[in-house]
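Each remark here refers to the structure printed beneath this line.
The values are calculated or read from the model by the stated rules, or taken from the named source; none is laboratory data. These figures come from a predicted structure and were not determined experimentally. Here Cβ is always computed from backbone atoms with ideal geometry, including for glycine, and neighbour counts include all displayed protein chains. Heads up: the accessible areas ignore ligands, DNA and RNA and are worked out on the full protein's heavy atoms, side chains in. Shrake-Rupley method; radii C 1.70, N 1.55, O 1.52, S 1.80 Å.
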Amino acid sequence: MKTGVFVGSFDPFTIGHDNIVRRSLPLFDRIIIGVGVNEHKQYMQDADTRKRKIQELYKNEKKITVKTYNDLTIDFAHREMADFIIKGVRSAKDFEYEREQADINKQIGNIDTLLLFAEPMLASVSSSMVRELIHFGKDIREFLP
């Protein structure tokens, strides 16, 4: 059984995240969405709220489980017995960052990272962009699944 972990803060979980999950489904028998908690980061929504919203989105998808974690992604991946870490890439900047993370995770944890490039129409959608729109009172429904 092939297991992938798709990890991030998901604050909020966007249509871009959803696209990566749905494109990953045929590749894995099981996908665990890991909602990361970093004590040095300030979130718009607490981890339980983020987790609950993602669970609701995938309530009919038997292959998906949603969990929170507050340690290294590689440790979470090992606990979940993952074969791969799944990450989405929107730009060259994202690629460089994710490549470095993938190299370290492979070196210290011997787990490969699968990078999926964002669909061109979703490349500009990010959680930080959505939070900025929320801050200024804009309608964000089109950016959320």
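Quick notes on this one:
- Net dipole in debye of the stretch 4-145 [+1 Lys, Arg Cβ; -1 Asp, Glu Cβ; about Cα centre; nearest 20]: 400 debye
- Taking the stretch 30-92 and dividing mean pair separation by its residue count, relative contact order in percent (alpha carbons under 8 Å, at least six apart): 41 percent
- The stretch 49-145 - accessible surface per residue (Å², probe 1.4 Å): 66 Å²
- Residue of Arg23, Arg50, Arg90 that the Gaussian network model of the chain assigns the largest fluctuation, springs spanning Cα pairs under 10 Å: Arg23
- Euclidean distance of C-alpha centroids, the stretch 125-145 and the stretch 5-36, integer Å: 18 Å
- Under the combined filter of DSSP loop state and at most 15 neighbouring Cβ atoms within 10 Å, the stretch 55-145 retains these chymotrypsin sites (Phe, Trp or Tyr not before Pro): Phe136.
- Here the stretch 27-70 yields Rg over Rh of 1.03, to two decimals, using C-alpha coordinates and the Kirkwood radius.
- Over the chain, Cα pairs under 8 Å with separation of 6+ residues give a relative contact order of 31 percent.
- Debye intensity ratio in log₁₀ form over the Cα atoms of the chain, taken at each q of 0.12, 0.16, 0.20 Å⁻¹: -0.47, -0.86, -1.40
- Solvent-accessible area assigned to carbon and sulfur over the chain amounts to 51 percent, based on a 1.4 Å probe.
- Per residue, the convex hull spanned by the Cα atoms of the stretch 1-87 amounts to 85 cubic angstrom.
- When the trypsin sites (Lys or Arg not before Pro) in the stretch 109-145 are filtered for DSSP coil states and for at most 15 other beta-carbon atoms within 10 Å of their beta-carbon, the remaining sites are Lys138.
- Structure remark: mean-square fluctuation, Gaussian network model of the chain, C-alpha springs under 10 Å; the largest value among Asn70, Asn60, Asn105 belongs to Asn60.
- Residue of His78, His135, His17 that the Gaussian network model of the chain assigns the largest fluctuation, springs spanning Cα pairs under 10 Å: His135
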